[in-house]
Every structure is written in C-alpha cells, then in structure tokens.
Amino acid sequence: MDVKSAFLNGFIEEESARFSDWVYKLRKALYGLKQAPRAWYARLKSFLLKSGFVMGSVDKTLFLLSRGGDTLIVQIYVDDIIFGGSSHALVSSFAEQMSREFEMSLMGELQFFLGLQIKQGLEGTFVHQAKYARDILKKFNMGDSKPMTTPMSTNTALDVDEDGEAVDQKEFRGMIGSLLYLTATRPDIQFAVCLCARYQASPRILTIKRYLKFTPELGLWYSSGSSFFLRGFSDADHAGCRIDRKSTSGTCQLLGTSLVSWSSRKQASVSLSTTKRVHSAR
C-alpha cells in the first residue's frame, strides 16, 4: 500500500521560543520541512503501537502483530508499506484499519518493491532483480558484452598497480553502488564486488557485469515447505590480501533451505594461523 501525501499527516510538536509573535505555528507538517519525514514516522509508529503492534528491536521500521495463532508483519519505507500474514482475515483487517486512518492506495499483491521483483506461488516465493541487473548493463554500456559463467576467477589475486591509470571516481562509485544494491538478492557476486570496491579494480567490475549478462535471472527462492532449522556456514581466504596479509571472511545463514543472511568482509586483524577439521574413526 501507498500513503497519499504522507508527510502532510505528521504533527509538528516543536515551538519557537524566539520570535513567537512573528511566525505562524504549523500544526501539521508540510513537504520541504526538515522534520516532515520524522513527524510522519512518529504519527504512523504511534498508530501502529496503539493498534497492538510491536516494533522490531533492530529494525525500527518493522512491526509485528500477533493475534491468536496468527502473525502479521508490516515493513515501512517512508510512505510505502508492505505487509503480509498467516491469515487473510488479519491482512484484510489491517488494510481496512489503515484506510480509515489515512488516505491510502492499495496496490494489491506484492510484485515489485524498491527494485526487487517478487513472484509468489503455492510452492514458495522467488525474489530477484533481473530488471535492475539489465538496467545496470544498459547504463554502463555493457549490453553487448560477451557473457561469462563466473563473476571472478578463483585464482585472482589483486595487488596495487603503482603505474596504472587512476580510475574515474564518479563512474567507479556509480558502478560499485549499483552492484552493491544488486547483492540484496545476489550473494553469488558479494565477494567479487567487495574485492573490487576495496582495490578500485575497474577491469574486474567488467568481469562481474559480463557474468550478470550470463545470469540476469538468478535470485533467492524461499520454499513454503521449508523447515525452521537454522544453519550457518563460514569460510575465509587465509591472508588473501597481498598488501596487509589480512583475510576476507564469508558467512551465510539458512533457515531450512532458505538463505536469509550472508556477508563478505575483510577481517580487522591479521590471522597468524588457521584451523583444519580432522576426521577420525574408531
């Protein structure tokens, strides 16, 4: 759902002690005021909390409502709201409640949100960014490039090129920013993108984009029949950085068969040793 003229729904609480006889006091926010987004969020948060929702402890834009054995989840992004639950009655009740309080536009079943494409079915939900990936290739003139089957060679070792030409910072940051947003559904390019960002390796970015040309439709599959068994995996390239000999760690967490979290980041300290699993038999 989308809130029409969302910022006009916020209430202004501040009062000016100076020049109080010179200005008009605004009771509601206007577009252009610095506090307008904050005032709107405060109004919406207050309404949801009074309606029985609980705000997320980490993500303050996530709200949960438990009623009986059913759960409703609401995620807010400024004036766009996505929501879903385990009961059709609970979802419909929330939509009607919001429409009575605010002027809303109900957009229907979630299919596209902030560059994410969502396909829902009885067997599960598929989340991908195929359109966004093709837009990246078009934006940086890579539409006619030859596809590649991997984002980066496993033998790649980047180093400082003292004699190399300086990269165009504006274009490079645009490329990295676009690719980092793509990692929201593409963990397969996470390591390669982070490595390119660290070394400002423009040629390697071209390799990643050629890989995207080969795999634009890849994404995340969340099976409706998946269990709630949580598993985690981690690995690291021991002393992979040739400059400071620091390692890069990679982690992923799965809820049943569904990938829910992943990361790739350089370690803060130098590893002087590593561990090795030894299998023994009796």
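Within region 216-236, if we keep just the residues that are without any contact (Cβ under 8 Å) to a residue 40 or more places away in the chain and assigned to a loop (DSSP other than H, G, I, E, B), the residue that is most open to solvent (accessible area, probe 1.4 Å) turns out to be F228.
Among the residues of region 237-275, those that are modelled with pLDDT of 90 or more and either open to solvent by 70 Å² or more (accessible area, probe 1.4 Å) or among the basic types (K, R) (or both) comprise T257, V260. Within region 101-113, at least one residue is open to solvent by 50 Å² or more (accessible area, probe 1.4 Å) and in a strand (DSSP E or B). The lone criterion from (1) surrounded by 11 or more Cβ atoms within 10 Å (Cβ to Cβ); (2) farther than 16 Å from Y41 by Cβ; (3) touching a strand residue (DSSP E or B) at 6+ places or on another chain (Cβ under 9 Å) left unmet by Q97 is number (3). No other residue among F63, F7, F53, F19 is modelled with pLDDT under 75 and surrounded by 12 or more Cβ atoms within 10 Å (Cβ to Cβ) apart from F7. Among residues of region 99-119 that are among the aliphatic types (A, V, I, L, M), those with a beta-carbon under 6 Å from a residue that is open to solvent by 70 Å² or more (accessible area, probe 1.4 Å) at least six positions away or on a different chain give the pairs I118/Q111. Every residue in region 68-98 that is over 22 Å from G124 (Cα atoms) and either at pLDDT below 90 or under 26 Å from the mean Cα position of the chain (by Cα) (or both), please. Selection gives G68, I76, Y77, V78, D79, D80, F94, A95, M98.
The values are calculated or read from the model by the stated rules, or taken from the named source; none is laboratory data. The structure displayed is predicted, hence computed values, not measured ones. So basically every Cβ, Gly included, is an ideal-geometry build from the backbone, and we count neighbours across all protein chains shown. Areas reflect the complete protein model, heavy atoms only, side chains present, ligands, DNA and RNA absent. Shrake-Rupley method; radii C 1.70, N 1.55, O 1.52, S 1.80 Å.
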